[in-house]
1. Amide H neighbours of residue 293 under 5 Å, at least 5 residues apart or on other chains, H built in the peptide plane: list them.
2. Residue by residue, what Karplus-based ³J(HN,Hα) values in Hz, rounded to whole numbers, does segment 56-65 have, using 6.51, -1.76 and 1.60 with θ = phi - 60° and x for Gly and Pro?
3. Over the C-alpha atoms of segment 244-362, what are the Rg and the largest Cα-to-Cα span, Dmax, in Å?
4. Run the dipole for segment 120-266 about the Cα centre, Lys and Arg Cβ at +1, Asp and Glu Cβ at -1, nothing else charged, and hand back the magnitude in debye, nearest 20.
5. If we restrict to alpha carbons, what Rg and Dmax does segment 9-228 come to, in Å?
6. About its Cα centre, what dipole magnitude does the chain give when the only charges are +1 on Lys and Arg Cβ and -1 on Asp and Glu Cβ, stated in debye to the nearest 20?
7. Top mean-square fluctuation among 320, 59, 163, Gaussian network model of the chain, C-alpha springs under 10 Å?
8. What are the residues whose amide H is under 5 Å from the amide H of residue 179, where those residues sit 5 or more places off or on another chain and H is modelled from the backbone?
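Derivation of every value follows stated rules applied to the coordinates shown; laboratory data play no part. Because the structure is a prediction, the values reported are computed rather than measured. Reconstructed Cβ throughout: ideal geometry from the backbone, glycine too, with neighbour counts over all protein chains shown.
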Amino acid sequence: MSARSMGSTPVHLVTGIDPEAMAATTIGLQWDLPEAVVVQHRIDADRQQLVRVVSDVTGRLEEEVVDLEHACVSCAIREDMVPTLDRLGQIGRWSGIVAHLAAGAEASQVCRVTAMSSAPQQRAFHVASVVAAFEGERLGDVLLGDDLLEEAGVPTLPGDDRGLAEVAVPILEYADLVVVRGRRDPVGHDAVRALARPGALVLRDGSEIDARILQQGLHHHGATESWVSEVRRGVVPTPQTDQVWTLDLTADRPLHPQRLEERFEDLGVGSHRARGCLWVATRPADVIGWDGAGGQHRLGPVAAWGAGGSGPLSRVVVTGRHDDDRRAAVRDAFHDCLLTDAELRSRGPRWEEHQDGLEPWLGPIRSVA
């Protein structure tokens with residue numbers, strides 16, 4: 001569970017991509033936690049500003065504006081939110097804090113800074129729960145579709161070309177509690193169950209939230225980080241339903257760099273979520289993270305193999321919808337990328353190369369020594 005000191009104030013982070021669903025959930029929490037204070041961030045896209053409003057049952061207490069013209073939105077939210085939560089916790093006037101993040105912002109930004117603090121037990125707050133709020137209508141297209149943020153009307157800065165699923169799915173995966181407002185479409189219903197962390201609560205609306213459970217704490221930072229990690233070694237659920245499928249592609253041998261470059265489109269194209277790690281023969285020291293959703297895929301080094309004494313592997317978990325069933329193509333492409341027995345006998349798993357064709361995604365090759 002998140003580190004905390006006696007008397008620190010519990011914080012409930014509200015996340016999502018739908019401003020109305022997030023607002024309804026925040027209002028519900030205010031109703032259930034009348035002694036809490038609310039700090040809300042929203043993006044003013046026209047003025048390129050981040051607006052922070054603090055309020056409680058007595059009304060609005062403060063409003064501040066942060067200029068975002070040349071700033072990273074995620075960094076600005078993190079750098080403003082953490083000190084604000086500490087300041088409100090230190091005041092000691094409220095029994096809890098509801099932190100309504102800007103649409104599209106991830107709770108992980110706040111949780112990781114809090115957990116990595118040199119003295120987290122000295123903070124005046126602790127993260128008690130991470131809540132993700134979504135609209136049920138067309139949720140399947142949101143989580144397993146290829147729309148862009150700007151096409152969906154999510155408040156964001158000009159030029160933000162991220163995919164809707166690329167933003168929404170990590171928010172869902174990090175949540176302790178998922179609130180889906182209104183009727184869920186069948187694909188959305190099954191996709192939420194397939195992608196949410198095992199043990200996360202999934203509710204139909206904010207009225208089902210038990211404030212007492214929230215105050216006691218739902219957020220276990222270690223368990224959450226393990227679930228969203230690129231490298232997963234334990235059992236990962238692979239639900240197969242009428243609407244969605246899941247593949248767990250695992251191999252104890254590295255991938256061939258040229259075949260990975262050639263087959264990457266076969267691996268990445270389609271309405272599916274793919275997340276995991278790759279072990280590439282020409283980059284044997286690097287954990288290559290693979291993070292993709294809705295046709296938007298990121299590939300890049302995220303760590304070094306050997307942390308914790310565990311050996312390298314390639315493992316990608318893929319979840320898709322039956323009306324875009326690419327299981328056979330994805331599975332074949334993955335296995336085609338693996339080194340063959342003959343290649344392993346002739347060259348081994350660690351290849352000395354100066355270039356491998358993956359530099360546009362992974363950068364220059366580091367020394368294998």
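1. Hits under the 5 Å cutoff: 274.
2. 9, 5, 7, x, 6, 9, 6, 9, 10, 10
3. So, for segment 244-362, Rg and Dmax equal 14.0, 43 Å respectively.
4. Here segment 120-266 has a charge dipole of around 820 debye.
5. Reported Rg and Dmax, both Å: 16.3, 46.
6. 1400 debye
7. 59
8. Correct list: 132, 133, 134, 203.
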